[in-house]
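Here's the structure, in structure tokens; my notes come after.
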Amino acid sequence: MPALAGDPTPAAALVAHFLAAQGDAFPLIDGTTVHFLYTAPAGMVVGVGGEWNGFDARRATMTPLGGGLLHYAHRFEPDARLEAGGGGCVPTL
């Protein structure tokens with residue numbers, strides 16, 4: 001997949017299209033790996049908090065992909081109970 005960091009206008013449109021196509025299927029669960037996606041203004045630092053990291057979003061900082069899209073992937077133990085729930089991404093200081 002090409003980087004989205006070039007021209008921000010087409011990148012933002014691509015991000016919006018991708019997120020709309022996914023509907024409410026977030027986070028994306030692929031076996032034992034969970035992919036968290038979030039949109040935020042440039043420069044905002046966002047992390048993911050959950051039981052697996054003591055609800056400390058600073059321990060799971062998302063990576064900017066361009067176009068306002070942020071990503072974080074975490075591989076869980078094979079016996080982990082994975083449930084997609086609302087709003088695990090929070091701005092961190």
Item to check | Full-extension gain in nm, Leu82 to Thr32, via 0.36 nm per residue minus C-alpha separation | outcome: 17.2 nm
Next on the checklist: Can you work out the Karplus-derived ³J(HN,Hα) for every residue in the range 35-41? Use 6.51 cos²θ - 1.76 cosθ + 1.60 with θ = phi - 60°, whole Hz, and x for glycine or proline.
Outcome noted: 10, 9, 10, 7, 10, 7, x
Next on the checklist: Please list, ordered by chain and number, the residues whose modelled amide H lies under 5 Å from the amide H of Gly50; skip anything fewer than 5 residues away on the same chain.
Outcome noted: Phe55, Asp56
Checklist entry - Which value, in Å², gives the accessible area per residue of the range 8-78 when a 1.4 Å probe is used on the protein heavy atoms? => result 60
Next on the checklist: I need the shape label for the range 26-82. Rule: rounded when a/c is under 1.5, else prolate if a/b > b/c, else oblate, with a, b, c from the alpha carbon gyration tensor.
Outcome noted: oblate
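The values are calculated or read from the model by the stated rules, or taken from the named source; none is laboratory data. Model, not experiment: these values are computed from the prediction. Ligands, DNA and RNA are stripped out before the accessible areas are found, and what is left, the full protein with its side chains, is counted by its heavy atoms. Shrake-Rupley method; radii C 1.70, N 1.55, O 1.52, S 1.80 Å.
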